[in-house]
Amino acid sequence: MLYTLMHKTTPVASIEVDEVTIGILAIPEVYHLAHLPVGVTHQEGRVDRGTLNDWWLGRAIPASRSGLRDVLAVLGVRHSRELLVKCLGLSLSDQYWLCPHGKALSWGDINFFENEFSEDVGNALFGRTPAGEGELNLMSPDNTSDGWLKKKWVIANGKRVLLKGGSFPYYQEPFTEVLASRIMDRMGVLHVPYTLTWDGGLPLSACEDFINPDTDLISAWRIFSSQKKPNHFSNYQQYLSSSESLGIPGIRESLDRMIAVDYLIANTDRHFNNFGVIRHAETLEWLGPAPIFDCGTAMWHDQFTNMIGPAFKLPSKPFKSNHAEQIKLVSSFDWLDIAALRGIDEEYSELLKQSVFIDDERRGRLCWALKRRVEMLAGMIISPLPL
């Protein structure tokens with residue numbers, strides 16, 4: 001089936017999508033090369049169909065999403081990629097979408113930033129049979145949400161809010177999101193604020209969408225892969241170099257802050273798709289690094305209580321395999337007042353008391369480990385680690 005790939009109101013390219021695999025079979029014509037997703041063109045200006053296809057299919061709910069098989073059965077689709085075309089590829093993270101050839105659709109009438117959307121998919125993702133009879137409405141931004149934890153978009157007081165759950169048995173991730181938010185408040189780091197809410201006795205984190213109808217979130221992976229990586233470049237050098245080539249401001253400083261925050265909370269999953277930059281969707285101006293978001297997979301969330309501890313070489317991503325090495329990439333700590341974190345362990349303890357899934361022993365171990373991470377970072381600032 002033929003579609004026009006749109007970027008808000010700008011026609012970008014004509015694409016042919018396979019009705020079974022939902023993959024892009026061909027790109028008959030390109031209308032606006034500059035508006036193509038970042039990293040899908042060669043240096044010669046040619047479009048790489050395979051890379052565009054990877055970008056397109058990467059918008060689908062990942063196969064690793066908790067309970068996805070049952071959800072697909074409820075929704076009556078074979079795989080999550082089918083949901084992409086059901087919502088025309090629309091997202092609450094950027095302004096790209098598909099317009100079927102021969103149909104006069106307007107972005108202003110269908111985008112999720114300014115129009116209502118169905119909660120049928122979101123309800124199914126949270127294990128609820130969608131209410132009502134008849135065919136389900138699959139026009140939802142939940143079709144293009146990534147990550148492995150249960151999550152759904154809702155509209156609350158006119159705001160687009162993302163609700164995200166935790167994982168069995170501790171359901172700790174929502175508390176970690178709130179902790180990270182409070183740490184960054186104290187540190188003066190640009191971030192997405194998270195709050196705690198509850199649904200059916202389970203904790204959820206809640207955050208407002210930080211993208212608006214005029215902006216795109218571009219993942220770090222798209223920036224990283226926008227130019228060929230020299231053999232002698234590290235992943236850190238490649239990301240800095242690619243960002244500089246594109247003219248994106250403030251990257252090194254934002255990485256300093258992200259790496260420091262991830263060190264404090266022992267984040268084990270800061271992959272290239274959960275940080276990035278923001279671009280204006282019409283002018284294509286780079287507005288700078290995105291606020292830090294998605295910090296839940298941290299604080300020993302999936303470890304047994306007796307395994308919790310501020311070990312020096314905790315695993316990390318995306319630039320080094322452990323935090324002891326990754327923290328050395330921070331170019332300066334001049335921005336950080338470590339004293340602002342005094343008592344954060346006590347604040348964390350009060351937060352965790354709200355959970356029936358975290359007992360006193362686990363709470364004590366987590367707070368002790370956090371306090372030690374703060375002390376370890378303070379020691380590095382006073383006596384910087386050798387490179």
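The values are calculated or read from the model by the stated rules, or taken from the named source; none is laboratory data. If you're wondering where the values come from, they're calculated on a predicted model, not measured in any experiment. As a convention, Cβ positions derive from the backbone with ideal geometry for all residues, glycine included, and neighbour counts pool all protein chains shown.
Tabulated values for the structure
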quantity	calculated
Pairs, first under 15 Å from residue 115 (Cβ atoms) and free of Cβ contacts under 8 Å to residues at least 40 places away in the same chain in the stretch 142-166, second surrounded by fewer than 22 Cβ atoms within 10 Å (Cβ to Cβ) and of a type in the set (A, V, I, L, M), C-beta under 8 Å, six or more apart	154/161; 154/163; 155/161
Checking residue 104 against (1) farther than 15 Å from residue 141 by Cβ; (2) assigned to a helix (DSSP H, G or I), the condition it does not meet	(2)
Tally of residues being of a type outside the set (Phe, Trp, Tyr), under 23 Å from residue 214 (Cα atoms) and part of a loop (DSSP other than H, G, I, E, B) across the stretch 9-51	7
Any chance residue 63 is part of a loop (DSSP other than H, G, I, E, B), among the small types (Gly, Ala, Ser), without any contact (Cβ under 8 Å) to a residue 24 or more places away in the chain and more than 25 Å from residue 302 (Cα to Cα)	no
Single match in 328, 313 (criterion: charged (D, E, K, R), within 17 Å of residue 374 (Cα to Cα) and touching a Ser or Thr at 6+ places or on another chain (Cβ under 9 Å))	313
Qualifying residue in the stretch 67-84 (condition: surrounded by fewer than 19 Cβ atoms within 10 Å (Cβ to Cβ), more than 14 Å from residue 19 (Cα to Cα) and touching a Gly at 6+ places or on another chain (Cβ under 7 Å))	yes
Any hit, the stretch 324-332, residues being out of contact with any His (no Cβ under 6 Å at 6 or more places or on another chain), part of a helix (DSSP H, G or I) and of a type in the set (Asp, Glu)	yes
Members of the stretch 77-91 found to be assigned to a loop (DSSP other than H, G, I, E, B) and under 20 Å from residue 105 (Cα atoms), listed by number	87, 88, 89, 90, 91
Residues that are among the hydroxyl-bearing types (Ser, Thr, Tyr) and in contact with a Lys or Arg (Cβ under 6 Å, 6 or more places away or on another chain), drawn from the stretch 121-174	144, 145
Elements of type strands (runs of 3 or more DSSP E) contained in the stretch 186-305, each with 1 or more residues being touching a Lys or Arg at 6+ places or on another chain (Cβ under 8 Å) and either without any contact (Cβ under 8 Å) to a residue 12 or more places away in the chain or of a type outside the set (A, V, I, L, M) (or both)	202-208, 215-219, 276-280, 286-289
Qualifying residue in the stretch 153-175 (condition: aliphatic (A, V, I, L, M) and closer than 24 Å to residue 370 by Cβ)	no
Residue match in the stretch 111-122 (condition: modelled with pLDDT under 95, of a type outside the set (Asp, Glu), surrounded by 21 or more Cβ atoms within 10 Å (Cβ to Cβ) and more than 23 Å from residue 279 (Cα to Cα))	yes
